[in-house]
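Visitor: I have a structure here, written as structure tokens, and I will follow up with some questions on it.
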């Protein structure tokens with residue numbers, strides 16, 4: 001039996017390298033309103049808490065709320081059309097997921113990314129791989145991470161409990177989510193945060209490669 005029977009994954013920076021497309025869409029939305037662009041390293045720090053906060057961090061300080069909302073809508077339109085232009089799995093991720101599925105591990109994705117983009121990306125990049133997929137969806141009434149609600153909703157959809165579950169992510173939000181959900185966390189070092197930032201956030205268990213991640217989950 002695997003060491004963990006259920007694995008719940010973050011998406012951006014954990015399974016998929018989405019940073020270039022996020023940066024391009026952010027800057028396209030900003031440019032439409034005459035606002036300055038950000039380098040990719042700035043956007044790396046902006047992501048993790050959903051697209052509304054991404055745009056709030058990207059617009060100049062003091063931007064009126066109605067203008068910020070318009071930038072957000074432009075981002076949604078651009079990203080919806082271009083979310084896969086440069087996005088793909090990190091090397092070794094598909095093989096890692098195949099190993100876990102072959103071993104009978106239940107797999108889920110929970111992401112603060114807008115649900116429309118999460119569903120499209122997961123279905124196109126990992127067809128038939130995951131048993132539950134949740135993105136940020138205000139209409140569903142499920143609080144986004146680091147609240148545990150998304151993890152709990154994914155477990156409910158799979159008919160699983162927190163017993164035998166591990167959470168996998170790449171950011172401080174993921175460390176906090178796992179703590180709030182009362183489950184172990186495996187922190188990936190290939191994502192959007194440095195190891196030092198993860199340590200500062202309270203991470204204690206790290207994986208350096210997808211192959212190492214598979215071994216940690218399977219035992």
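The values are calculated or read from the model by the stated rules, or taken from the named source; none is laboratory data. Predicted, not measured: the structure shown is a model, and the values here were computed from it. Positions of Cβ are generated from backbone atoms using ideal geometry, with glycine treated the same way; all protein chains shown enter the neighbour counts.
Visitor: Could you figure out which of (1) touching a helix residue (DSSP H, G or I) at 6+ places or on another chain (Cβ under 8 Å); (2) at pLDDT 95 or above isn't true of residue 119?
Guide: (1) is the only condition that residue 119 fails.
Visitor: Looking only at the range 164-188, which residues are within 20 Å of residue 130 (Cβ to Cβ) and either at pLDDT below 95 or in a helix (DSSP H, G or I) (or both)?
Guide: Scanning the range 164-188 gives 173, 174, 177, 178, 181.
Visitor: Here is a follow-up. Which residues, counting only those in the range 131-152, are in a helix (DSSP H, G or I) and within 26 Å of residue 17 (Cβ to Cβ)?
Guide: Passing the criteria: 150, 151.
Visitor: So, in the range 159-182, exactly how many residues are surrounded by 17 or more Cβ atoms within 10 Å (Cβ to Cβ), more than 12 Å from the chain's Cα centre (by Cα) and touching a residue at least 40 places away in the same chain (Cβ under 8 Å)?
Guide: Of the residues in the range 159-182, 3 are surrounded by 17 or more Cβ atoms within 10 Å (Cβ to Cβ), more than 12 Å from the chain's Cα centre (by Cα) and touching a residue at least 40 places away in the same chain (Cβ under 8 Å).
Visitor: Scan the range 189-211 for residues that are without any contact (Cβ under 8 Å) to a residue 60 or more places away in the chain, part of a helix (DSSP H, G or I), farther than 13 Å from residue 14 by Cβ and in contact with a helix residue (DSSP H, G or I) (Cβ under 9 Å, 6 or more places away or on another chain) and jot them down.
Guide: Within the range 189-211, 197, 200, 201 qualify.
Visitor: In this structure, is residue 141 surrounded by fewer than 21 Cβ atoms within 10 Å (Cβ to Cβ), in contact (Cβ under 8 Å) with a residue 40 or more places away in the chain, over 18 Å from residue 79 (Cβ atoms) and more than 16 Å from the chain's Cα centre (by Cα)?
Guide: Taking the combined requirement at face value, the residue does not satisfy it.
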